[in-house]
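Have a look at the structure below, then the notes.
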Amino acid sequence: MVTSIIRPLASQLQRHLVQAIKSPRITPVRRCNLTACSSKFVLSKVHPIWQGPLAVPGGDCQSPIDIVVRKSVFDSKLKPLVTNYDPKSCQQIWNNGYSFLVEYDDSTDKSTLKGGPLQETFRLCQFHFHWGECNSWGSEHTVDRRLFPAELHLVHWNAEKYSQFEDALVEDNGLAVIGVFLKIGKRHEGLQKLVDALPAIRHRDSVVEFTHFDPACLLPPNITEYWTYHGSLTTPPLTEAVTWMVMKQHIEVSHDQLAVFRSLLFTAAEEEVQKSMVNNFRETQPLRGRTVRSSFTPFIKDSALDEVKEHSH
């Protein structure tokens, strides 16, 4: 029965990872961390996707999580990540009503990820972002309970074990997702080409051609330092097929660039009430005994904790 529910969802997710489906479980409003912003401000409400019972409830290995720096376990066996992205494999941008997806041709090994905790080669399928209505929150993962304004997810699937994305989506070791935190700072030159294209997909279900974009430009300079753990998709069907690699180092984007993200809409052009595309993230989930490994020793002066503290005000 579960398979019969998941499979139809999975087939849709080949082109769009997230679906704005209505869900029973009430998720509490995500409040600002008191060290990140004033306690006067809370989110107006969570996205409708999280406001009712989920069609397919998650299990015990759900994402995102709060990464507790000093509880992460240094693993000297973790290799550097190796990305080999072909900008020519970039195809289009699509507003799916929850985020926007930049999609890549994944029919062959044109854009791949390997190394790190991965034993096989994974193909890049798409990347997308999650962000908040203000600069004080928006990331899905948190570091010592502190938030960033946005988070990038580069989604890859295991092309050695599985023949198509739909299978990898629901099977063991099927997906590998790189998470990158965004912070407000200087303008990100590599991101600007994408930002310039976003007005064309302002409404839900809008698709435009988008080619020759190198996703490697969105990675931080240092991709050797990351946390990794076993988790899930952060949108339905929430399948626990994901190896997460969350970068310690963030990237900077300008306030104006992130404002263009917030100018997008959850709604279609014909809808009378237009809703701004903001707060499109899931609450952090219980760790439930999982181990978060790190490719670096956390007990150093320039720790991720210090870095997040510095930029959380």
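What follows draws every value from the coordinates through simple rules; no lab data is involved. Keep in mind it's a predicted model, so treat the numbers as computed, not measured. Note that we place each Cβ from the backbone using ideal geometry, even for glycine, and neighbour counts take in every protein chain shown.
Among Ser76, Ser99, the order by Cβ neighbours within 10 angstrom, fewest to most, reads Ser76, Ser99.
Each residue of the range 73-89 was assigned a 3J(HN,Hα) from its phi angle through the Karplus curve 6.51 cos²θ - 1.76 cosθ + 1.60 (θ = phi - 60°); the sequence is 10, 5, 10, 5, 7, 5, 8, x, 6, 10, 9, 9, 9, 9, x, 5, 7 Hz, with glycine and proline shown as x.
Sort the range 248-291 into rounded, prolate or oblate with this rule: let a ≥ b ≥ c be the square roots of the eigenvalues of the Cα gyration tensor; rounded if a/c is under 1.5, and if a/c is not under 1.5, prolate when a/b is larger than b/c, oblate otherwise. Intermediate results must be reported in sequence, preceding the final value.
Details: a/c = 5.16, a/b = 1.52, b/c = 3.39.
The shape class here is oblate.
Less than 5 angstrom separates the built amide H of Gln92 from those of Glu103, Phe210, all sequence-distant by 5 or more or on a different chain.
The phi-based Karplus calculation (6.51 cos²θ - 1.76 cosθ + 1.60; θ = phi - 60°) puts the 3J(HN,Hα) values of the range 233-250 at 4, 9, 9, x, x, 6, 5, 8, 10, 9, 8, 8, 10, 9, 5, 5, 8, 8 Hz, whole numbers, x for Gly and Pro. The distance linking the range 195-271 with the range 92-165 is 7 Å (Cα centroid to Cα centroid, whole angstrom). For Val292, the residues whose amide H sits under 5 Å from its own are Val73, ignoring neighbours fewer than 5 places away on the same chain, with H placed 1.01 Å from N.
Once backbone amide H atoms are built at 1.01 Å from N, Gly52 has Ser23, Arg25 as its partners under 5 Å, excluding neighbours fewer than 5 places away on the same chain.
Can you tell me how the range 166-292 classifies by the Cα gyration tensor, rounded, prolate or oblate, using a/c under 1.5 as the rounded cut?
Judged from the Cα gyration tensor, the range 166-292 comes out oblate (a/c at least 1.5, b/c at or above a/b).
The mean sequence separation of alpha-carbon pairs under 8 Å and at least six residues apart, normalised by the residue count of the range 53-125, gives a relative contact order of 27 percent.
For the range 53-182, the number of Lys pairs with C-alpha atoms closer than 22 Å, counting only pairs eight or more positions apart or on separate chains, is 9.
So if each residue of separation counts as 0.36 nm, and I subtract the Cα-Cα distance between Glu252 and Asn84, what length gain in nm does that give?
58.2 nm
Dipole of the range 86-193 computed with +1 at Lys/Arg Cβ and -1 at Asp/Glu Cβ about the Cα centre; of Tyr162, Cys90, Val143, farthest Cα towards the positive end is Val143. Using R0 = 22 Å, the C-beta based FRET efficiency linking Glu171 and Ala216 works out to 0.20.
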